[in-house]
Amino acid sequence: MPTVSVKRDLLFEALGQKYSKCLTCIREQGDEKAEGASDVVLYKIDVPANRYDLLCLEGLVRGLQVFKEKLEAPRYKRVSPADGGEPQRLVITEETASVRPHAVAAVLRNITFTQERYESFIELQEKLHQNICRKRTLVAIGTHDLDTISGPFTYTAKPPGDIRFKPLNQSKEYTAAELISHYKTDSHLRHYLHIIENEPLYPIIYDNNGIVLSMPPVINGDHSKISLKTKNIFIECTATDQTKAKITLDMIVTMFSEYCDEPFTWVSSYTLCIELAYRTETLSGDFINKRVGINESAESIAQLLTRMCLRSEVSGEGDLIQVEIPPTRADVIHACDIMEDAAIAYGFNNIIRSTPRTYTVANQLPLNKLTELLRQDLTAAGFTEALTFALCSQEDIADKLRKNIVETRAVHISNPKTAEFQVVRTCLLPGLLKTLAANRKMPLPLKLFEISDVVLKDETKDVGARNNRRLCAVYYNKSPGFEVIHGLLDRVMQLLDVKPGRNQGYHIQAAEDSTFFPGRCAEIFSCGKSIGHLGVLHPDVISRSELTMPCSAIDMDIEPFL
Amino acid sequence: GAAGATGFGSMADTGLLESLLRLLEKVDGGTDSQDVAADLGVDHQVIVGAVKSLQALGEVISTEQKSSKHWELTGEGREIAEQGSHEARVFNAIPDEGLPQNGLMKMPSGKVGFSKAMSNKWIRLDKAHEGGPRVFKTVETIEDTVRDKLQLVQKGQSAKLEDKEKTELKKRKLLSEVTVKSYWITKGSSFSTTITKQETELTPEMIASGSWKEKKFKPYNFEAMGVAPDCGHLHPLMKVRTQFRQIFLEMGFTEMPTNNFIESSFWNFDSLFLQINPQQHPARDQHDTFFISDPALAHEFPQDYLERVKQVHSEGGYGSQGYKYDWKIEEAQKNLLRTHTTAVSARMLYKLAQQEKFTPVKYFSIDRVFRNETLDATHLAEFHQIEGVVADYGLTLGNLMGVLHQFFTKLGITKLRFKPAYNPYTEPSMEVFSYHEGLKKWVEVGNSGVFRPEMLLPMGLPEGVSVIAWGLSLERPTMIKYGINNIRELVGHKVNLQMVYDSPICRLDS
């Protein structure tokens, strides 16, 4: 959830009122945390991740004022240039298709910046970059002083060696290749280099005279940079996702057209390439009432929605309500989104809580029921339950157990940050051995068990892998205690009502397994089917697990007993 | 243990114990052990031993410890009380015709006695006597007051001496003031003047013969800890899991099969109307997800359903604008470690939609999910998600809050508040807050919402069916319940087994 910092005094000034504590409407829309800075009080406001229209002071204040019915939701309008001239054009060339195929642009005319407004403008771009723009991978924003450049503009892509310009706040020209290495050490910009670094062509925007506006998504040119004195702003958004580029551009122009010409008129915003689309949805009051669980008239629902910046009116036909979705609310894509806004405006905590009449009978998953019952009786048998990680290193399930990784049928993770997340475990033993190692100071013997899932590759499943519920137990003491682990097997089988015997019962039979000490390992058979192993662990397994005492273990599948 | 430690030291002989008891029988209101020692003419320490032996017999006597200061003779003091003061001994050694001084000095008490007797003017020294200096008595008889005083102290009558006199004797190292620990002894509830031999434990023979009726048994020390039973222990997180499972079962919820850690992007993201490429999603980061390199892709999908999912994402439909992006099967096929158990809920709801006739369901699951995110004291790469889902016609947001109220009441949480939130596959979405009495503030306890129509309708669920759901982690309530601050002390191999051994049973509502 993004957090927006606003200066308290600026917020109160914009709201035209001081508030002593939390503002109810902010609390409805986000969480407000006041923080005492040196002398400027900052409010840190959590904003839902899809509400890009609340990412700056301007948007927050507008939302609050409309909610408190102190202001009518503004109507955003695209206008033609005041001088009657042609609209600006941004020509997109085919070369961009391979690297960053989309671009949209707009012009804000006759804007008046103050220090605060200017900072908010910059801050909003940064917030958008971090959120909807996914750290500039999806969309990158460039803003320029229109009076320093002249259209039509060209968005193209060129080999990095062919690009040469003076980047923002630098004193000399660089080629694109030089810029990449120059910014390698820049604490901010280095995070965006990877987006184009290895591309044969870099995106670049020129004006009619060949002046570089920007090399998205990395840096703007110095020539067209904006300042407090800028009056006309050219805004371009280049993108890999056109929808998100439009949303981003809409957000900037709707938020800051407030400062164009006369404040609060929003008439001077001038856009090109984008729609500033309003959309109307029709839904019934009954729909909202039934989904939320309230009983309000269509009129009062329309009023609730209007307070949420969704201008609504009762259409006259039955209880139908016409709802206008403004360009600031790209998050509203379905009637259920409108229903949510009605519920928020009504106040979640004002809705009467009621019990659904749904009648159902509960069932346990048989596998989990068996697991629960066995766990109880394993503790009664003197073993203590461990809870270990499902993810581990290749070494844990292979080398440390003297196995070959290829034979483990393990599922491999493609993007582990560290070795401890390389694979999903194929047996529970490594986790138990690590638990023993971490508890070597405890009095002996240590008797541990775990009943949990391992994951094995399985071609017959849609995803090519399946979980397997296994029981694993270890006995760690000065003597190996094979008889203890063997006794545990006998007890488990007794609990599962399987008698000793070759055919319908269970038996164990000498086996060779590299994890176990030669001659000290047996395979477990139940009803003629192999279900696991038990034995004394190989001394190399003990020492590779950073243990010093002999240890016996059992590892078996419990799914055959369902 | 209680049965082990009975009495201290060796048992005093029965005769002495019985003498003490007879003495105690005669006095009303009790007696001091020092007086007993004086009465029986034995050392006080012997009486202290006898008292301890009697204490071990149960309620024969009751005692109270006392401490008092009292005057006692030093070794030299006792010698004087017996043989007289040095000066008296010197005086008595001198015959009428006197004694040569050098002979007198050779007596054991010579030096000290001579100077004291001189200053008492009992004797005189004739230095000019022929044959060397000679000592003569000056008085006929003397009164040995030092000895008298010491004898008084010896008899326990030091109170008869003035403080000045005691100080004087203390200065001469004949008296010392000592602190004495003694007992005030009174009759106990089972007082008797005879001592019976005590048995340690009841034996089969005693039961058979009935001899236990006549026996006295050594009392147990109930201050000691018992012997720990030889048993195994359940893991605290699993104990809490059992309770949550129980709560869902009590509420009529059926357990979902969540034993599939590996999931396709399709079920984990797309089916929930989450944008397929998590990179494009505002609330997700690609790096939050563990992708699988082997087996990298899933192959089987319900084709009709997959087409409907593709359509709702890329073009919209079912009353939705959709996300308007190029949906790719190659992304949906990518295998991953499920990031939430909601992937299983999606599979279950799809299965439900394939039934000939819709029947209402209540589902739950508690199982592991995986996040490839930054680890800290409260976050691990894997944790347990608790999830509840209800599907029926006409469920409202009020119903969701009602079910949550019932669920959390079973956890002992009754004060609930709901806050709007953003969750890509539920609308409305609500964060659940409960008032924490200890922290005196509202804390987040879970997330909830109503599944989006874009998720439900492509599955084939009827239009009027709503699905409400909520989720929380298992680790957080467990950490609060057991007072654990670092999640590694609870989950994983670094667990402290002593904590597992010592953790109490889990009742979430108390």
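Label-to-label distance for A:Glu395 and B:Thr378 is 3.2 nm, based on points extended 7 Å past Cα in the beta-carbon direction. Would you please state which residues of the range B:439-472 a label at B:Asn485 would reach in this model, taking the label point 7 Å out along Cα→Cβ and a backbone N cut-off of under 16 Å? Those under the cut-off are B:439.
Modelled spin labels at A:Gln364 and A:Asn198, positioned 7 Å past Cα toward Cβ, are 5.1 nm from each other.
Centre-to-centre separation between the Cα atoms of the range A:193-257 and those of the range A:327-381: 44 Å. The modelled label-to-label distance between A:Ala437 and A:His191, using points 7 Å beyond Cα along the C-beta direction, is 3.6 nm. Normalised by 2.2 N^0.38 Å, with N the number of residues, the alpha-carbon radius of gyration of chain A equals 1.36.
Apolar share of the accessible surface for the range A:77-268: 47 percent from carbon plus sulfur atoms, 1.4 Å probe. Each Cα pair under 8 Å and six or more residues apart adds its separation to the average, and for chain A the resulting relative contact order is 11 percent.
A probe of 1.4 angstrom, applied to the heavy atoms of all protein chains, finds B:Trp442 with accessible area near 80 square angstrom.
Once chain B is represented by equal point scatterers at the alpha-carbon sites, with solvent omitted, what log10 I(q)/I(0) does the Debye formula produce at q = 0.07 Å⁻¹? So the normalised log intensities work out to -0.66. Taking square-rooted eigenvalues a ≥ b ≥ c of the alpha carbon gyration tensor, is the range B:355-449 rounded, prolate or oblate, where a/c under 1.5 means rounded and, failing that, a/b exceeding b/c means prolate? It comes out oblate by the Cα gyration axes.
Of the residues A:Phe517, A:Phe256, ranked by 1.4 Å probe accessible area with the largest first, the sequence reads A:Phe517, A:Phe256. Where a ≥ b ≥ c are the square roots of the eigenvalues of the C-alpha gyration tensor, would you call the range B:75-178 rounded, which needs a/c under 1.5, or, failing that, prolate if a/b is larger than b/c, or oblate? Here the range B:75-178 falls in the prolate category.
Ordering B:Glu356, A:Glu523 by accessible surface, largest first, gives B:Glu356, A:Glu523; the 1.4 Å probe counts only protein heavy atoms, with every chain in place.
For A:Leu373 and A:Arg8, FRET efficiency with R0 = 56 Å and r from the beta-carbon atoms, rounded to 0.05?
0.45
With R₀ fixed at 51 Å, the C-beta to C-beta distance from A:Gln17 to B:Phe358 puts the FRET efficiency at about 0.50. Beyond 29 Å in Cα-Cα separation lie the following of the pairs A:Lys44/B:Lys441; B:Lys160/B:Lys187; A:Lys447/B:Lys334: B:Lys160/B:Lys187; A:Lys447/B:Lys334. With R₀ fixed at 35 Å, the C-beta to C-beta distance from A:Asn295 to A:Lys70 puts the FRET efficiency at about 0.80. Please identify which residues in the range B:14-29 have an amide N closer than 16 Å to a label point set 7 Å out from the Cα of B:Val42, following the Cα→Cβ vector. Within reach of a label on B:Val42: B:14-25. A 1.4 Å probe over all protein chains sorts B:Met430, B:Met118, B:Met348 by accessible area into B:Met118, B:Met348, B:Met430, starting with the largest.
Over the protein assembly as shown, the fraction of Cα-Cα pairs per 10 Å bin, rounded to whole percents and listed from the shortest bin up, is 2, 8, 13, 15, 13, 11, 8, 7, 6, 5, 5, 4, 2, 1, 0, 0. Available extension along the chain between B:Asp294 and B:Gln154 is 40.6 nm, counting 0.36 nm per residue and deducting the alpha carbon span. Be a star and scan the range A:138-157 for residues whose amide nitrogen sits under 11 Å from the point 7 Å along the Cα-to-Cβ vector of A:Glu95. A:155-157, by backbone N distance to the label point.
A:Arg307 sits with roughly 60 Å² accessible to a 1.4 Å probe, with DNA, RNA and ligands left out of the calculation. Helix-only arithmetic for the protein assembly as shown: the sum of -39500 (n - 2.57) across DSSP H runs with n ≥ 4, divided by the residue total, places the mean residue ellipticity at 222 nm at -8500 deg cm²/dmol.
Loop-located trypsin sites (Lys or Arg not before Pro) in the range B:64-143 (DSSP state other than H, G, I, E, B) with a sparse environment of at most 12 neighbouring Cβ atoms within 10 Å: B:Lys106, B:Lys121, B:Lys127. Could you tell me what % of all Cα pairs in the range A:366-561 have separations over 23 Å? Every Cα pair in the range A:366-561 considered, those over 23 Å come to 41 percent. Of the trypsin sites (Lys or Arg not before Pro) found in the range B:209-267, those in coil by DSSP whose Cβ has at most 15 other Cβ atoms within 10 Å are B:Lys215.
So which of A:Lys127/B:Lys328; B:Lys69/B:Lys164; B:Lys310/B:Lys357; A:Lys434/A:Lys478 end up more than 21 Å apart, counting from Cα to Cα?
Too far apart for the 21 Å limit: A:Lys127/B:Lys328; B:Lys310/B:Lys357.
The values are calculated or read from the model by the stated rules, or taken from the named source; none is laboratory data. These numbers come from a predicted model, not from an experiment. Cβ sites come from the backbone with ideal geometry, for glycine too, and all protein chains shown count toward neighbours. Keep in mind that these areas ignore ligands, DNA and RNA; they rest on the heavy atoms of the full protein, side chains included. Shrake-Rupley method; radii C 1.70, N 1.55, O 1.52, S 1.80 Å.
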